[in-house]
Structures are given as structure tokens and as C-alpha cells.
1. Being within 20 Å of Gly136 (Cβ to Cβ) and surrounded by fewer than 15 Cβ atoms within 10 Å (Cβ to Cβ) narrows it down to one of Ala175, Ala199, so name that one.
2. Taking Thr157, is it open to solvent by less than 40 Å² (accessible area, probe 1.4 Å) and within 19 Å of Leu11 (Cβ to Cβ)?
3. Looking only at segment 31-50, count how many residues are within 8 Å of the ligand (Cβ to nearest atom), hydrophobic (A, V, I, L, M, F, W, C) and open to solvent by 10 Å² or more (accessible area, probe 1.4 Å).
4. Name every residue in segment 10-22 that is near the ligand (Cβ under 9 Å from one of its atoms), touching an Asp or Glu at 6+ places or on another chain (Cβ under 8 Å) and at negative phi, in order of residue number.
5. If you go through segment 162-181, how many residues are closer than 23 Å to Asn150 by Cα and in contact with a Lys or Arg (Cβ under 8 Å, 6 or more places away or on another chain)?
6. Just the residues that are within 16 Å of the ligand (Cβ to nearest atom), open to solvent by less than 20 Å² (accessible area, probe 1.4 Å) and farther than 21 Å from Ala185 by Cα, please, taken from segment 95-127.
7. Go through Ala92, Ala74 for me and flag whichever is within 14 Å of the ligand (Cβ to nearest atom), open to solvent by less than 10 Å² (accessible area, probe 1.4 Å) and not polar (S, T, N, Q).
8. Given the structure, is Asn243 within 23 Å of Leu100 (Cα to Cα), among the polar types (S, T, N, Q), surrounded by 13 or more Cβ atoms within 10 Å (Cβ to Cβ) and within 13 Å of the ligand (Cβ to nearest atom)?
Amino acid sequence: MDKLFSGQVALVTGGSRGIGQSIALSLALAGANIAILARNRERCQQVAAQIEQLGVKALPLSAEVADYAQVEQAVKQVIGQFGRLDILVNNAGITKDGLLVRMSKQNWDDVLAVNLSGTFNCIRCVARQMMKAKKGKILNITSVVGLTGNPGQANYTAAKAGIIGLTKTVALELAPRGITVNAIAPGFIDTDMTKDLPAEVKEQILGRIPLARFGTAEEVAKAAEFLLSPAADYITGQVLSVNGGMYM
Ligand code: NAP
């Protein structure tokens, strides 16, 4: 029986853990073949094995999104293996928090390089293939703090706000080729990225969430699945918040 994404190929960056892993698994469950891109090779292989158990094909790719040549090579591998690329999810991200006056130039550069340039690199490397196919869906993962700002995260909020601008411009440029480009802005989601925050910081954040709980990676994946599905064919250049009402 045909599933929602049967026969399609998706590349999910940061698909080896957290939100990216949930998105990869939910697309796989819905029939897509998946390429997982992250730095840790073993972890990529583990998730690829998990995906293959769902009856679709998986390709683990160990690469650094901030390195254009590595991304280019990885995309070539995906197309070499599957012959097509229908979906790109730019989810890989890191934080290196600190107040502006104490933030090192290195920490600024690193966070911009992975979150923002990494997203550019992947879009740039898949765009021609999608333009030729005259179809494709690109989904970028930004953050609630890219909309609001957040003390201690000048680098991360600048990168995430940059992703929103990038999403809108690329949506405009690729719309004539039938390609949609959207973003999801998650609120506070329970993953490796947030697990080590001090208890009092978590309490403080919780107090700002009307739905009074943190979100799950699966809840972000549900929104991703919608934006990547035919149900969202007429939606482009949008930022969908999945944040429990934390910012409206
Ligand atoms: P996570 O659990 O820390 O996972 C991050 C993923 O990105 C891992 O697969 C990691 O694998 C990969 N990655 C990190 N740096 C990379 C690099 N330079 N090149 C390639 N892959 C890289 O994070 P998460 O919480 O799931 O977050 C996923 C996305 O959602 C991020 O963009 C994050 O900013 C965003 N987000 C998260 C939250 C939240 O509350 N958790 C809220 C808003 C937005 P390797 O380490 O092996 O490379």
C-alpha cells in the first residue's frame, strides 16, 4: 500500500539525535527513503539501521554541515545512491551560550557556521537538483528565540533569525520551480540540546509556557511531516511555531 512519502528521498541533517531523528523516523514510517547526515558516524549508522527496520532504505552520511565541500560530497552520494532528492530538512544545530560581553569570537563564528552557513550550504547543494525536477520541499529548523531574542544567545539567535530571512528569500527564488521552503520554530523541546540546562533555568522557562510543559521531538516531527506533505503544497515562506504558546 502506498504511504504519504512512498518513493521519495529525504536528506535530514542532524538526523542522528533529538528532533532530527524524530523527523527522519516519521518520514521513514510514512514511506520515504532517508539520508541521515551528522558528524558522529556510529550514531548515523545506528539510526540508519533503525530506519531500515521500517522497510525503507537509509544512507548514513558522516559530514560537517559547516564545510561546503563535505556537504557537496554528501549530496552527490544521496543522488548517486537514490537517483533523486525530494526533501531537505536543515535541522543540524549547536549552541555555545554566553553573554555578549563574554562571548568569544570563536563561539560566535562556530554557531553561525553550523546553524546558518550549514543551512545555506545544504540548500545551495540541493537547489539545482530540485530545480531540474521542478519539485521539492525544503524545511529549515529555526527557533522561538530567533523570533524573540534571548539573553546569553547572541550567536544562536542571530543564526536562527538569519535562517528565517534565508527561508523567505529562497522561498521566493524557488517558488517558480514548484519548490516550497518553510521553517519550524520550536519552543523548548526535551532533547540532548536542552537536557543539561540548570534546573532553575528550566523552571523559569516552564513558567513562560502557557501549555505548562516542554515539547517533545515527536511533536516537532508531526509539524514537519505536515509541511513536507502534499497537504502543504500551497504553503511557502512560512514559519510555523511549535512552542506550547510560549510566543504568539
Ligand atoms: P541535538 O539533540 O543536540 O541534536 C543535534 C543534531 O545535529 C545531532 O544529530 C548532531 O549530530 C547534529 N549536528 C550538530 N552539529 C553538526 C554539524 N556541525 N554538522 C552536522 N551535524 C551536526 O539538538 P536538537 O535539540 O534535536 O535540535 C535540533 C534542531 O532544533 C537544532 O537546529 C536546534 O537549534 C533546533 N531547536 C531545538 C530546540 C530545543 O529546545 N531542543 C528548540 C528550538 C530549536 P553530531 O553531533 O553527531 O554532529
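The values are calculated or read from the model by the stated rules, or taken from the named source; none is laboratory data. Because the structure is predicted, anything quoted here is derived from the model rather than measured. Because the Cβ atoms are built from the backbone with ideal geometry, glycine has one as well, and the counts that use them run over all protein chains shown. Accessible surface is based on the protein model in full, side chains and every heavy atom, while ligands, DNA and RNA are left aside. Shrake-Rupley method; radii C 1.70, N 1.55, O 1.52, S 1.80 Å.
1. Working: Ala199 fails: within 20 Å of Gly136 (Cβ to Cβ).
After ruling out the rest, the residue left standing is Ala175.
2. Numbers: open to solvent by less than 40 Å² (accessible area, probe 1.4 Å): yes; within 19 Å of Leu11 (Cβ to Cβ): no.
Criteria not met by Thr157.
3. So the answer is 1.
4. Arg17, Ser22
5. Step one: of segment 162-181, the residues closer than 23 Å to Asn150 by Cα are 162-168.
Among the residues that remain, those that are also in contact with a Lys or Arg (Cβ under 8 Å, 6 or more places away or on another chain) are: none.
Residues flagged as closer than 23 Å to Asn150 by Cα and in contact with a Lys or Arg (Cβ under 8 Å, 6 or more places away or on another chain) within segment 162-181 amount to 0.
6. Val126
7. Details: Ala92 fails: open to solvent by less than 10 Å² (accessible area, probe 1.4 Å).
The match here is Ala74.
8. Numbers: within 23 Å of Leu100 (Cα to Cα): no; among the polar types (S, T, N, Q): yes; surrounded by 13 or more Cβ atoms within 10 Å (Cβ to Cβ): yes; within 13 Å of the ligand (Cβ to nearest atom): yes.
Criteria not met by Asn243.
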